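Presented below is the structure to which this report refers.
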Amino acid sequence: MRIGILGTGALGSTLARGWVAAGHDVVVGGRSRPQADEIAARLGSRASSASLSGAVRDVDAVLVAITWTGVEDVLDAVDARRGSLAGTVVVDPTNPVEHGVGEHLLPAGSVAQVISSSAPGASVVKAFNLHPAQTWTALATGVTVPYATDEEDASPIAAELVSSLGATAHRIGGIDRARQLEELAGAVIALAAAGIDPQSVVPGAHRVTEIP
């Protein structure tokens with residue numbers, strides 16, 4: 001596939017590296033063209049750089065790898081409201097939660113739903129919002145990536161993006177479930193900030209020794 005990356009942060013560049021290693025082509029676009037150029041150069045011959053609008057042209061999927069507060073500005077920069085993302089799978093890994101606290105900051109809905117309403121014709125998928133960037137520095141065998149989308153046609157592409165990284169994809173439902181994934185990320189963040197391993201609260205994640 002050909003994948004557009006909007007953003008030059010850790011998550012986008014790390015996922016891009018994994019997808020390049022799996023044989024996909026990536027186009028890195030950012031507000032800072034020099035940063036996009038640098039990332040693409042590090043990724044090798046299957047990667048190129050472009051402006052934000054250039055990164056969404058002639059691609060199979062777009063990853064919106066920026067802070068959630070900048071999503072609408074970036075959508076405006078790529079002319080999403082005019083249909084530039086129509087027919088494209090748009091993956092949203094953002095979390096609108098307070099840093100270190102995890103409280104959800106939107107009064108209703110989710111960032112994925114904001115993207116869906118601002119990008120007519122796009123097939124929006126909420127995914128990759130639960131695991132930090134370092135998860136994707138090697139094959140993520142044993143990792144499950146839950147995702148939410150309304151579009152049946154988007155599922156094969158979402159599954160391929162996940163499986164290319166060694167992980168397993170699982171659709172939990174439509175885009176109305178995206179807020180649930182964002183809230184889950186908030187809970188994980190709150191636990192981690194308190195020094196608690198989030199896996200310790202998941203039933204079945206740890207072996208229990210019976211009391212004799």
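The values are calculated or read from the model by the stated rules, or taken from the named source; none is laboratory data. Since the model is a prediction, treat every value here as computed from it, not as a measurement. Ideal geometry is used to build each Cβ from the backbone, glycine not excepted, and the neighbour counts take in all protein chains shown. Areas reflect the complete protein model, heavy atoms only, side chains present, ligands, DNA and RNA absent. Shrake-Rupley method; radii C 1.70, N 1.55, O 1.52, S 1.80 Å.
Results, tabulated for the structure shown:
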{"item": "Selection status of residue 70, touching a residue at least 12 places away in the same chain (Cβ under 8 Å) and not hydrophobic (A, V, I, L, M, F, W, C)", "result": "no"}
{"item": "Residue list for region 98-136, filter: without any contact (Cβ under 8 Å) to a residue 24 or more places away in the chain and outside any loop (DSSP other than H, G, I, E, B)", "result": "117, 135"}
{"item": "Boolean, residue 165 is open to solvent by 20 Å² or more (accessible area, probe 1.4 Å), assigned to a loop (DSSP other than H, G, I, E, B), of a type outside the set (S, T, N, Q) and closer than 25 Å to residue 14 by Cβ", "result": "no"}
{"item": "Qualifying residues in region 1-27 (those that are open to solvent by 60 Å² or more (accessible area, probe 1.4 Å) and touching a residue at least 40 places away in the same chain (Cβ under 8 Å)) - the one farthest from residue 159 (Cα to Cα)", "result": "10"}
{"item": "Among the residues listed as 112, 148, 127, 86, the single one being modelled with pLDDT of 95 or more, exposed (fewer than 15 other Cβ atoms within 10 Å of the Cβ) and of a type in the set (A, V, I, L, M)", "result": "86"}
{"item": "Criterion (out of contact with any Ser or Thr (no Cβ under 8 Å at 6 or more places or on another chain), part of a helix (DSSP H, G or I) and in contact (Cβ under 8 Å) with a residue 60 or more places away in the chain) met by exactly one of 185, 178", "result": "185"}
{"item": "Condition check for residue 51: more than 17 Å from residue 133 (Cα to Cα), surrounded by fewer than 21 Cβ atoms within 10 Å (Cβ to Cβ), touching a Lys or Arg at 6+ places or on another chain (Cβ under 9 Å) and of a type outside the set (Lys, Arg)", "result": "yes"}
{"item": "Test for residue 40: is it at pLDDT 95 or above, farther than 20 Å from residue 128 by Cα and touching a helix residue (DSSP H, G or I) at 6+ places or on another chain (Cβ under 9 Å)", "result": "yes"}
{"item": "Residues satisfying the stated conditions in region 78-97, i.e. outside any strand (DSSP E or B), touching a residue at least 40 places away in the same chain (Cβ under 8 Å) and among the hydrophobic types (A, V, I, L, M, F, W, C)", "result": "78, 80"}
{"item": "Positions within region 28-48 being aliphatic (A, V, I, L, M) and surrounded by 16 or more Cβ atoms within 10 Å (Cβ to Cβ), in sequence order", "result": "28, 36, 39, 40, 43, 47"}
{"item": "Among (1) in contact with a Gly (Cβ under 9 Å, 6 or more places away or on another chain); (2) open to solvent by 10 Å² or more (accessible area, probe 1.4 Å); (3) over 20 Å from residue 188 (Cβ atoms); (4) not small (Gly, Ala, Ser), the one test that residue 74 misses", "result": "(2)"}
